[in-house]
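**Q** This is the structure I want to talk about, given as structure tokens.
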Amino acid sequence: MTRLLLPAACLGLVGSLGAQVTTAPPLATAPALTLPAVDTARLPNGLTILTSRNDEVPLVSAQLLIEGGARTAATPPGLATFTAGMLDEGAGGRSALELAEAVDFLGASLGAGAGWDNITISVSGPKRTFGEAFALMADLVLRPTFASADVARERAARQAALLSAKDSPGQVASRVFARNIFPAGHPYHVDLNGDSASTAALDSAAVRTFWHRTADPRRAVLIVTGDVTPAEARQWATTQLGAWTAPAERTMIPPAATIAAAPTPATRVILVDKPGAAQSVIMIGAPGVDRESPDYPALEVMNTILGGSFSSRLNDILREQRGYSYGAGSGFSWRPVPGPFQASSQVRTNVTDSSLAVFFEQFRRIRDEPVDPVELERARNYLVLGALGDYETARQVAGAIGTSVVFGIPLSRTAEELVAMGKVTAADVQRVARRYLDPTRLTVVVVGDLATIRPGIEKLGLGPVEVQEY
Amino acid sequence: MRSILLTLLLAPPLAAQALSVPATVDTLANGLVVIVHEDHSAPIVTVNTWYHVGSGSEKSGRTGFAHLFEHLMFMGSEHAPYPQFDRLLEAAGANNNGSTTEDRTNYYESGPRSALALMLWLEADRMGWLLPTMDAEKVDAQRDIVKNERRQSYENQPYGKVADVMPPLLYPSGHPYSWPVIGSMADLSAASLDDVKDFFRTWYAPNNAAVVVAGDVTRAEVLELARTYFGAIPRGPAISYPTPSQPTLARDTLALLEDRVQLARLYYQFPTVRAWAADDAALQVAAQILTGSKTARLTKRLQYDDQSVTFVSARPDHKKLAGDFGIIAQAKPGVALPGIQRAIDEELQRLASEGPTAREMEQARNVIESRFLSRIQTVGGKADQLNGYFYEIGTPDGFDRDLSRLTAVTAADVRRVVARYLTGPRAIVSVVPEGKPELGAVRREVTP
């Protein structure tokens, strides 16, 4: 059935042919940002519980953030993400399949993963079965199996995934980019998931040891959001995680401040060959900036103008004006140990050199010229007013709380930073561009058909050109 | 059949009352439908517009045109010339985008409620006054961008070529679903300014569109704005939609692609039924039972028991005119596809003869019910679904009706639809590493 089958009586009830309105209507007064309220509690074993209620939909979600992600001192690389992935492959006396069946039966979802700083175990589901779903999550934390056969199966799956990643030019570019920006010894030199050699070294003993030393309630925060009261969250946590004890020996997590900043060598170009590719993947960047920097609000505004929005300069020129690409952008990876600043695009093979020239022109331009007032106002509003949509769902609220935990920044700081972004001036933008975006100290990675693109790239004279394998 | 005992013991209904996203429907004199859902929980709003045209309405030799046209809708209109559309919205703190399928083209703007009037005005200006500023240069510019999109999403992606190869294996030549939404490079090159004008006049009339406004707004203010901005747009000519037809296959159809990939992949696609046809719901439940969780039939067999694949997934794609059911399996390194095929066929055959267990049915129902709840968490998600239900069944708040038909599916229904649709002839595409055609799938010797 379609709308054409609407009864004829419905038609013509509302409105009549009027005149067209030829000017854009003014914006109404912008609504104020209301940050979610968060209740804090602590169990005797040190576990922190943060609860934020949103009972619009009868769903609850809980995230257990445990310090100790991929940047710990534990080896081999990839151990943290692999261990996290093993948690729901058998726990509490249930096999992987039995566990999955129990979770599905509750209409819940349960999973675990790891980033650079944390392992996260997440469970979400309907309010009425959430107590049972939460108990299954506690099994993952306290009673994971790590059976050799399961480890072997998941290790083979990871090897296959690593192999498959070589087929995707975007993934190849990301990995080559990271290993060149960050030197050996830096946590970001190797991929989150390690490589095939480190994967081969993963076994049940390594996984078990890592988990026992990492799963420490004193280093964990439980974030509960959705249709839940703080009392209910405390009750679940006390019942299921109250007996969680601290390990005798803890995984070493080097404080972020002790990680030496990555060097910023003179601009160089690294090429990876993908014969016959229809497009080239371009990634350009450098080690990024500390999230605690007072320049954070100005950097976000600068990046929004450069490549952080559809109307940004990089997208506007590379996509809209020149037609070289389907899209282009840039951004800072904000992490406690600063991630990279990165500008990227996938461009038609025969305009690879011209596209690189555009990137460098725009890096220089945002340093050399003050930004236009209209452009500045647009970027500030895009960030400040856009933030009003950041706390709509329980998942978004949990994510915002999690970010504040990871950085050790209170949620209320968000409001202050938005006020600061709203006051960023053209001089601020130019100052941070000059300070943090130096075109003479960038690493350029291009994955594409080298026979076609190499001569043009060399002619640009950006810096020494080197070919790497991946 | 649904076991009453199990239901009572284990699974009271997730939603105590009927699932509902209340929405009002009003129709302007020019035929434009305006649907409003008030949700005052956050100070945000979404304007979501569907035009009832997609790649299925394209003329021969112009594949990909509906999607190219979607891009042109961002190229400025008489009173908001390019590039005002994006710039005005960003300056108001709003995001926007569009997408095209076989059946429809949608556009949305999302942001603070203070941008409501701007969103509606921009949407109205391009609905009414797109052509005065349209020219060949704009068509050329977006044509290049769409070609780049095609390169990025298909040509330069592993397995991306399947998107071109699969549709004509399943749908007969000339069927509206026999070409991919992105279209061919040659047809994109052939699109002209006249095509743009014709397409706009035929399909982009207010009487072929519905605007959903969801969020921190009132029906009265939305209708007032809608009348003011859209009211002067004239109704378009009567529209003739493509005629529904559900093709079947007499025998397996087969294609083998050698590609620069490390792992071989098997793609199955079975002809099934249109969206909301009698067997649509049972096929959706069947997909859940086949690959919806680790314990699902195909996932358990291939990933956990045989350990022959890195993943397997089943997806029913029931569109307005016809439906199909896809299964994709990615082989472990060096594993040949015929063995995977055999295992999949065995499991489908087993499900067709024995049917699912009561426990599998209960599990599937619970997962499906939860999924409905998570779909109504955002105003953006609700707005698009309201528009979807309005297009498909003529009423925006179809959530309860949709969930009810899914939870009413019995084990016997699943068994019957698997037997009827998923054990017969199918389209098969193998993607294998270059130089290894011997890994490819095979056609069944005897057609059932």
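Read-outs: derived from the displayed coordinates by stated rules, not from any lab. Just so it is clear, the model here is predicted, and its values are computed rather than measured. With ideal geometry, Cβ positions are generated from the backbone for all residues, glycine too; neighbour counts draw on all protein chains shown.
**Q** With springs only between Cα atoms under 10 Å apart, run a GNM on chain B and tell me which of B:GLU369, B:GLU102, B:GLU438 wobbles the most.
**A** B:GLU438
**Q** State to the nearest 20 debye the size of the charge dipole of chain A about its Cα centre, where the only charges are +1 on K and R beta carbons and -1 on D and E beta carbons.
**A** 480 debye
**Q** Find which of A:ALA160, A:ALA108, A:ASN180 sits farthest along the positive direction of the dipole of the range A:39-255, computed with +1 on the beta-carbon of Lys and Arg, -1 on that of Asp and Glu, about the Cα centre.
**A** A:ASN180
**Q** Something else: For B:LYS436, list the lysines whose Cα falls under 26 Å from its own Cα; do not include residues on the same chain fewer than 8 positions away.
**A** In chain and number order, the partners are A:LYS166, A:LYS274, B:LYS161, B:LYS332.
**Q** Additional query: Estimate the FRET efficiency between B:ASP345 and B:THR101 by the formula 1/(1 + (r/R0)^6), using the beta-carbon distance for r and 25 Å for R0, to the nearest 0.05. Working shown, then result.
**A** Working: r = 30 Å, r/R0 = 1.20.
Calculated value: 0.25.
**Q** Moving on. Place +1 on the Cβ of every Lys and Arg and -1 on the Cβ of every Asp and Glu in the protein assembly as shown, take the dipole about the Cα centre, and give the residue among A:THR120, B:ALA329, B:SER184 whose Cα lies farthest towards its positive end.
**A** Final value for the positive-end residue is B:ALA329.
**Q** Can you list residues whose amide H is under 5 Å from A:GLY329's amide H, if they're 5+ apart or on another chain and H is modeled 1.01 Å from N?
**A** Under 5 Å from the amide H of A:GLY329 lie the amide H atoms of A:SER344, each far enough along the sequence or on another chain.
**Q** To the nearest 20 Debye, how big is the dipole of the range A:268-467 about its Cα centre, given +1 on the beta carbon of each Lys and Arg and -1 on that of each Asp and Glu?
**A** About 260 debye.
**Q** Choose one answer from B:ASP194, B:ASP324, B:ASP164: the residue with the largest mean-square fluctuation in a GNM of chain B with alpha-carbon springs under 10 Å.
**A** B:ASP194
**Q** May I pose another question? For chain B, set up a GNM with springs between Cα atoms under 10 Å and report which of B:VAL431, B:VAL335, B:VAL53 has the largest fluctuation.
**A** B:VAL335
**Q** Now for a separate question. Write down the percent of antiparallel bridges among all DSSP beta bridges whose residues are both part of the protein assembly as shown, to the nearest 5. Could you put the intermediate results ahead of the total?
**A** Details: 97 of 126 bridges.
Among the beta bridges of the protein assembly as shown, antiparallel pairing accounts for roughly 75 percent.
**Q** Another one. Hull surface divided by four, with the convex hull built on the Cα atoms of the protein assembly as shown: how many nm²? Mind dumping the intermediate values first?
**A** Working: hull surface 142.3 nm².
Seen from a random direction, the Cα hull of the protein assembly as shown projects 35.6 nm² on average.
**Q** Could you calculate, for the range A:268-467, the ratio of the Cα radius of gyration to the Kirkwood radius, expressed as Rg to Rh? Please report the intermediate quantities before stating the final value.
**A** Numbers: Rg = 17.9 Å, Rh = 17.9 Å.
On the Cα set of the range A:268-467, Rg over Rh gives 1.00.
**Q** Could you let me know the centre-to-centre spacing of the range B:195-264 and the range A:308-345, using Cα atoms, in angstrom?
**A** Here the two parts' Cα centres lie 30 Å apart.
**Q** Next question. Could you work out how far apart the two model spin labels at B:ARG420 and A:THR229 are, taking each label as a point 7 Å from the Cα in the direction of the beta carbon, and quote it in nm?
**A** 5.0 nm
**Q** Around A:TYR391, with a cut-off of 15 angstrom between Cβ atoms, what is the net charge of the other residues, counting Lys and Arg +1 and Asp and Glu -1?
**A** Working: positive: A:ARG53, A:ARG395, A:ARG413, B:ARG113; negative: A:ASP55, A:GLU56, A:ASP390, A:GLU392, A:GLU417, B:ASP39, B:ASP216.
Summing Lys and Arg as +1 and Asp and Glu as -1 gives -3.
**Q** Report the net charge of residues surrounding A:GLY422, where surrounding means a beta-carbon distance below 14 angstrom and charges are Lys +1, Arg +1, Asp -1, Glu -1. Show your work: numbers first, answer last.
**A** On the way: positive: A:ARG378, A:ARG380, A:LYS423; negative: A:GLU300, A:GLU377, A:GLU416, A:GLU417, A:ASP428.
Around A:GLY422, the surrounding residues sum to -2.
**Q** Follow-up. In straight Cα distance, which aspartates and glutamates are under 12 Å from B:LYS147, not counting same-chain residues fewer than 8 positions off?
**A** Correct list for B:LYS147: B:GLU155, B:ASP187.
**Q** So what are chain A's ellipsoid semi-axes, whole angstrom, largest first, if each one is the square root of 5 times an eigenvalue of the alpha-carbon gyration tensor?
**A** Numbers: eigenvalues 306, 221, 112 Å².
For chain A, the semi-axes come out at 39, 33, 24 Å.
**Q** What length, rounded to one decimal in nm, is gained on full extension from B:ALA186 through to B:GLU38, with 0.36 nm per residue of separation minus their alpha-carbon distance? Numbers along the way, then the final one.
**A** Values: separation 148, 0.36 × 148 = 53.28 nm, distance 4.53 nm.
Stretched fully, the B:ALA186-B:GLU38 segment lengthens by 48.7 nm.
**Q** I've got another one for you. At what distance in angstrom do the alpha carbon centres of the range A:393-437 and the range A:168-182 lie from each other?
**A** Distance between centres, Cα-based: 27 Å.
**Q** Using Cα-Cα distances under 8 Å and only pairs 6 or more residues apart, what relative contact order does chain B have, in percent? Write out the running numbers ahead of the final one.
**A** On the way: 867 pairs, mean separation 99.6, N = 448.
The normalised contact order for chain B reaches 22 percent.
**Q** To the nearest 0.05, how large is the calculated FRET efficiency for B:VAL442 and A:LEU163 if R₀ is 30 Å and r is the Cβ-Cβ distance?
**A** Values: r = 25 Å, r/R0 = 0.82.
With R0 = 30 Å, the Cβ-Cβ based efficiency is 0.75.
**Q** For the protein assembly as shown, what is the charge dipole size about the Cα centre, in debye to the nearest 20, if Lys and Arg each add +1 at the Cβ and Asp and Glu each add -1 at the Cβ?
**A** For the protein assembly as shown, the charge dipole is close to 1080 debye.
**Q** Find which of A:MET283, A:ASN350, A:SER412 sits farthest along the positive direction of the dipole of the range A:268-467, computed with +1 on the beta-carbon of Lys and Arg, -1 on that of Asp and Glu, about the Cα centre.
**A** Comparing the listed Cα positions along the dipole, A:ASN350 ranks first.
**Q** Further, regarding this structure: Can you tell me, using C-alpha contacts under 8 Å and at least 6 residues apart, the relative contact order of chain A as a whole percent? Mind dumping the intermediate values first?
**A** Values: 853 pairs, mean separation 97.1, N = 470.
Taking the mean separation of contacting Cα pairs over the length of chain A, I get 21 percent.
**Q** What is the distance, in nm, between label points placed 7 Å from the Cα along the Cα-to-Cβ direction at B:LYS161 and at A:ILE253?
**A** Each label point is offset 7 Å from its Cα along the Cβ direction, giving 4.7 nm.
**Q** Separate question: Points 7 angstrom from Cα along the Cβ direction at A:ALA28 and A:ALA197: gap in nanometres?
**A** Computed distance between label sites A:ALA28 and A:ALA197 equals 6.2 nm.
**Q** By how many nm would the segment from A:SER333 to A:ALA205 grow when fully extended, if each residue of separation counts as 0.36 nm and the alpha-carbon distance is taken off? Could the numbers behind the result be given before it?
**A** Values: separation 128, 0.36 × 128 = 46.08 nm, distance 3.31 nm.
Residue separation times 0.36 nm, minus the Cα-Cα distance, leaves 42.8 nm.
**Q** Can I ask one more? With n ≥ 4 as the cut-off for DSSP H runs, can you work out [θ] at 222 nm for chain B, using -39500 (n - 2.57) per run divided by the number of residues, rounded to the nearest 500? Intermediate results must be reported in sequence, preceding the final value.
**A** Values: 15 runs with 172 residues, N = 448.
My calculation for chain B gives -12000 deg cm²/dmol from helical runs alone.
**Q** Note the full-extension length gain between A:GLU56 and A:ALA415 as 0.36 nm times their separation in residues minus their Cα-Cα distance, in nm to one decimal. Walk me through the numbers before you get to the answer.
**A** Values: separation 359, 0.36 × 359 = 129.24 nm, distance 2.38 nm.
Stretched out fully, the A:GLU56 to A:ALA415 stretch lengthens by 126.9 nm.
**Q** Using r as the Cβ-Cβ distance of A:ALA261 and A:THR440, and R0 as 22 Å, what FRET efficiency do you calculate, to the nearest 0.05?
**A** The formula returns an efficiency of 0.80 here.
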